Each structure stands twice: as C-alpha cells, then as structure tokens.
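Take a look at the structure set out below.
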Amino acid sequence: MPLFLLLIEDESRREEYSAAYYKYRQHLFAVAKIILKNDTQAEDAVQNAFLSIIEKDSLPKADNDRTKAFLTSVVRNKAVDLLRRDKYIAEEPPTDAQLGIAEPVLGSDIALALSELPRQYRDILVNYYYVGITPKEMAAQEKVHYRTILRRIEKAESLLKASLTEDDE
C-alpha cells in the first residue's frame, strides 16, 4: 500500500481510495508519462494528484466513468504543474485521444470553437453537456457555491457563442 494512503484515518475511505488507485494507476501513469516523458515525474504526478484529492476528500463516491475522468483531469493538471515548475516545455501537448478521453461527436465548427476555448471553460462545458455532471456535483468537487459553477457555464457558453458567430462573419 502506498504511504500516502496511510494519511486517511477512516478505514472505509482508505479502502475506496486504495481501490481507485489500484484500478486506475496504470492509466493515470500513462497520462502523466505522455505529458512529462519521464517515469519518475509521472509517478510523482500521480501521487501528488492522490495527495491533493485526499487532502480535499474529493474522490467521487461512486466508481464509474466520472471517477476515471475526474482522476485523469487531476493527474493531467498535476503533470502540467510539474512541467511549469521545472520550466520544461513539451514539444506538443497530448491530444485527448492519447490521454484516453473519448472525443464527443460534434459538428466540426463546434468542435473547433470548443477546442479554442480556455481549458477552464472547455472542461466545464464538456463536464456539463457531455459527461453529465450537474452544477451541484461540480460545485461539490471544487468546493465552491453551485451558482459560481452556473456563472462559469454561462461565461463558457457566451465565449463559445461569440467564437461561433465570429467564425460565421
């Protein structure tokens, strides 16, 4: 058992985190390695992600596709943080296909406009419309008020709409 799991005092939660870690660790390691191109740093990114999730106790209760998507997102962000910390720039950011994230079936204009949005807004739209996470669930994960999430969704939608109408002109 990895040492960071010993930080969890509640035995049932420790078992949940342990099960999630062992179920997804190879996928998460692969995601981090694509970004970092280094085994040691990839392991650090996965462990840092779990430490962060443990500190916030934000692992989704149900083990499903949302759990995998959530963990992938956290590991991806931790890997990018390590890149920034080391001031190392990867030649090319990994594609969603390389990360094992299914691309939603969209019209090419919408997909292009969505891909050009800042990550924060793109992720919130994808989570809301395609993954099916409710604003209340997103708010609980991020520990913010759900109205904050609603405002972010509105902002993301307006940016997407502006991008689409800009392309039409």
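In this structure the amide hydrogen of K37, modeled in the peptide plane, comes within under 5 Å of no amide hydrogen from residues 5 or more places off or on another chain. Over the range 11-72, with every protein chain in place, what whole percent of the accessible area is carbon and sulfur at 1.4 Å, could you tell me? Roughly 45 percent, rounded to a whole number. Accessible surface for Y129 stands near 120 Å², nearest 10, in the context of the full protein assembly shown (1.4 Å probe).
Here the range 105-151 exposes an accessible surface that is 54 percent carbon and sulfur, computed with a 1.4 Å probe and the other protein chains kept in place. A probe of 1.4 angstrom, applied to the heavy atoms of all protein chains, finds K78 with accessible area near 60 square angstrom.
Only lysines eight or more places from K78 in sequence, or on another chain, were considered; those with a Cα closer than 20 Å are K23, K33, K37, K56, K68, K87, K143.
Counting only other residues whose beta carbon sits under 13 Å from that of A156, what net charge do I get with K and R as +1, D and E as -1? In short, +2.
The values are calculated or read from the model by the stated rules, or taken from the named source; none is laboratory data. Bear in mind the structure is a predicted one, so any value in this text is a computation, not a measurement. For neighbour counting, all protein chains shown are included, and Cβ atoms are generated from backbone atoms with ideal geometry for every residue, glycine included. The area values use the complete protein model at the heavy-atom level, side chains included, leaving out ligands, DNA and RNA. Shrake-Rupley method; radii C 1.70, N 1.55, O 1.52, S 1.80 Å.
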